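Here is the structure we will look at, set down as structure tokens.
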Amino acid sequence: MLKKHLLTKTILFMLLLSTALICQNKTPQGKIRGQVTDNDTKMPLIGTNVIVTGTQWGAATNADGYFEIDNLPVGSYTLRFVYLGYEEQVKADIIVRPERTTFVEAGMRLASIESEEVTVTGGYYSDTEEQANSVVNFSYEEIRRAPGSAGDVSRIMMSLPSVAKVDDQRNALIVRGGSPNENAFFVDNIEIPNINHFPSQGSSGGPIGLLNVDFISDVNFYSGGFSSAYGDKLSSVMDISLREGNREEFDGQLDLNFSGFGGVFEGPLGGGKGSWLFSARRSYLDFLIKMVDAGSSIAPVYGDVQTKIVYDPDKYNKISFIAIFGDDHSESDLENAIENDITEYGEQDYLEGTAGINWQRIWGNSGFSNTSVAYTLGSFKEDFYNRLNGSLVYKNDSRESELKLRNSNRFRINKSNSFEFGIDGKILFTDYDNYYAASTDPLGQPVPAMNLIIAETAQKGGAFLNYMWKPIPSLSINPGVRADYFSWNENFYVSPRLSLEWGITQKATISASAGYFVQSLPMNLLMQDEKFKELKDPSALHYIVGFSYLLSEDTKLTLEAYKKDYDNFPLDPEQPSLFIMDEIYYRNMFISGHENLTDDGKATSWGVEFTLQKKLAVDFYGLVSVSYFRSQYKTADGETKNRVFDNRFVFSAEGGYKPGNKWEFSMRWIFAGGAPYTPFDITASAAANQGVFDPERINGERYPNYHSLNLRVDRRFNFASSSMVVYISVWNAYGRKNITSYYWNENENGQDTIYQWGLLPIFGVEYEF
């Protein structure tokens, strides 16, 4: 009996030990859940085959278009979506994590050619039907891991041939010769003026991205010729889609990276009929400086909170709420200014935020609508003093806010005909209490002190219509028109646009587009003088032709040529050789000191761009781009001058290697021609102890060529019910001393140099549970 009892205990012990060893060695598992819909109507596609490539796993969508693939070993996967009569679609970089659900959305398009077989037209590349060319798509994982980006969605675009390379310290997008204020950003059908911390007032750039990359599902970036659905911008549109939270369970993530430290949390709402997603972050540079006793170092302090809440009353309606807020502060005193050799000191307090609701309504098999209402606030408080005498240099106490409505509707008549129409409107509230001390303009001419104390309200309204026509399966013709009105100056414009796309083979496509684009001037310029109401709004004509070829299903070659003709830009007769709108780049981001302006300014940019992109199909991905371009303007005297963003030549090579599910190695190298600058008149500058341009050499010299190498290594650790990603990134790995600008050092009364970032190591940790 004792032997039997001992044998039983021994067997039980062996079973327990075996189970423990199996559990210890067992590969953690997760699952993929998602929904497949018709891209034009948002109706679910029932019975779509979802295949996990290279494995035996797969699923089919149910009556609501949902699918679920359970018990997948953790790792990176590629999904292929197959549905009769529709183009195949491929989603790469789908990461499965331990005990977590990864949600994937796929919108499929009707196949171009009637066939019993599904027509494959490059499933890795999500081209939009209404955009024939000049569009690129990035997924969440492509944004997260990009070297040299630190999770900043704007910095990802720096590797594209359409974006000039000017300054590492700021992420302002210079798209095809345009200035930083010519870009629009949309997040879930809601326009956000600036998606950065320490935003440049009246422009679209900043040093650090505001959006949490872990909220982003994907991004479409339009670098020109965009449809009439977008207005009041001359150069580009970034359309960002935020993902939904987990509808089944609570998930969390803790982060420590270049942007700061914080967390992302998500979970179900209403019994699975909705979800919530929330994040909060704060910078930590001020903590580090105090810990290491760095003396008078200046540490900016910034933080942000973001949320997205989604609820589906039924299968035809979806209500989503987003809120994105940032709070930024920077402070320096006289001691800081002396130690860091800064000519001015003071403090900055910025508050920026947008909150809004979007209602998506599906109209059966005909189409769908998106209607959003949102409010945006920007508060800017700045006070800066002269280091030499302590006098106030400038004060900026301003608030800019917008209450806006946007409605977009898309309907499909039949396989060959569909259309899109909608309206958008804004009420602008501006309140300025600003002071600018007497100074000199860039040419050394005296500028009197200026007080701008004014509060006004204005309205903007727009309407658009796009028609998508396929007279034959291989040809798409998309005419569109837009109308815009601005109450401040009572300007009204009609903007026609047209794009064509011809699939000459299953792999080769020729495209072309042309359009008229108009953008109103910044309010902080228009409100300086009643006469400025008479100015016309700047406009641009876009002409683009392109050719694309699928070398393989995951590799695409694109060649595009473009020309942009600008008109109606403001010029100052007292400064006939300067281009006013470029002052937002080199004169404190504020355009001031102009008593008389005309609207005869003209500019042009043209270029040729080559892109070779490979998506991650197995273990390697990459993007190589080359562009040659020119960006110039006409002075009031009729001379042709280079604009400050005219690099002329940009080469970028970016790529990565994933040997398995644990390690990833990536790099990005950028080479750009030197941007133009205006040298100082040394004698006049020394006499005034202030930088004075040489009027005979406006943008006549160039900085040294720019080049920089960014490296990154990621290591993923998977545990039983959680995971962790640790990465090390090195910016400017070989320490190139790229020049940002030359400036006149008033403390030394001589020319000095501002350099871009040197070698900068960045460490990051993401813990998911």
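The values are calculated or read from the model by the stated rules, or taken from the named source; none is laboratory data. It should be emphasised that the depicted structure is a prediction, and the values quoted were computed from it without experimental measurement. Ideal geometry is used to build each Cβ from the backbone, glycine not excepted, and the neighbour counts take in all protein chains shown. The protein model used for the area step is the full one, side chains on, heavy atoms only, and it has no ligands, DNA or RNA in it. Shrake-Rupley method; radii C 1.70, N 1.55, O 1.52, S 1.80 Å.
Brief remarks on what is shown
- Acute angle (nearest 10 degrees) that the helix 2-25 long axis makes with the longest principal axis of the chain, alpha-carbon atoms: 30
- Cross-link pairs beyond the 22 Å C-alpha cut-off, checked among 165/381; 381/426; 42/315; 165/737: 165/381; 381/426
- Per-residue ³J(HN,Hα) for region 553-562, Karplus 6.51 cos²θ - 1.76 cosθ + 1.60, θ = phi - 60°, Hz, x for Gly and Pro: 4, 10, 10, 10, 10, 9, 10, 9, 10, 9
- Extension reserve of the residue 705-residue 717 stretch, reckoned as 0.36 nm per residue once the Cα distance is removed: 0.3 nm
- Extent of region 395-526 along its three principal axes (Cα atoms, max minus min coordinate, largest first): 65, 35, 23 Å.
- Rough spin-label spacing in nm, given labels placed 7 Å along Cα→Cβ, for residue 403 and residue 649: 5.5
- Rounded to whole Å, sorted largest first: equivalent-ellipsoid semi-axes of region 702-769, Cα gyration tensor: 40, 13, 7
- Euclidean distance between Cα centres, region 353-388 to region 448-468, Å: 15
- Projected label distance in nm at residue 728 and residue 754, using a 7 Å step from Cα toward the beta-carbon: 3.2
- Hull volume in cubic angstrom per residue (convex hull over the Cα atoms of region 24-87): 90
- By accessible area, using a 1.4 Å probe on protein heavy atoms only, region 654-769 has 58% of its surface on carbon and sulfur.
- Scaled against the 2.2 N^0.38 Å expected of a compact globular protein of N residues, the Cα radius of gyration of region 153-220 reads 1.05.
- Carbon and sulfur %, accessible surface of region 380-433 computed with the full protein complex present, 1.4 Å: 56
- Only protein atoms count toward the accessible area here, which uses a 1.4 Å probe; on region 473-527, the carbon and sulfur part of that area reaches 68 percent.
- When each of 273/404; 318/564; 470/634; 308/556 is checked by Cα-Cα distance, pairs over 32 Å: 318/564; 470/634; 308/556
- Longest to shortest principal axis, alpha-carbon extents of region 654-769, angstrom: 71, 28, 20
- For region 307-317, 3J(HN,Hα) per residue [Karplus equation, 6.51 cos²θ - 1.76 cosθ + 1.60, θ = phi - 60°, Hz, x = Gly/Pro]: 8, 9, 10, 10, 9, 10, x, 7, 6, 9, 10
- Restricting the calculation to alpha carbons of region 185-272 gives Rg and Dmax of 15.8, 45 angstrom.
- Computed helical MRE - 222 nm, the chain, DSSP H runs ≥ 4 contributing -39500 (n - 2.57), nearest 500: -2000 deg cm²/dmol
- Total charge dipole magnitude, region 326-440, about the Cα centre, Cβ charges on Lys, Arg, Asp, Glu only, Debye to nearest 20: 1580
- Put the Cα centre of region 153-229 next to the Cα centre of region 590-638 and the gap is 13 Å.
- Looking at the chain, the accessible area is 41 square angstrom per residue; that uses a 1.4 Å probe and ignores ligands, DNA and RNA.
- Compactness check for the chain: Cα Rg over 2.2 N^0.38 Å is 1.00.
- Expressed as a fraction of 2.2 N^0.38 Å, the C-alpha radius of gyration for region 438-586 is 1.47.
- Scanning residues 5 or more positions from residue 631 or on other chains, those with amide H under 5 Å from its amide H are 643, with H placed 1.01 Å from N in the peptide plane.
- Karplus 3J(HN,Hα) series, Hz, for region 536-546 with 6.51 cos²θ - 1.76 cosθ + 1.60 (x for Gly, Pro): 6, 7, x, 9, 8, 9, 9, 10, 9, 10, x
- Rounded to the nearest 20, the Cβ-based charge dipole of the chain about its Cα centre (Lys and Arg +1, Asp and Glu -1) stands at 3320 debye.
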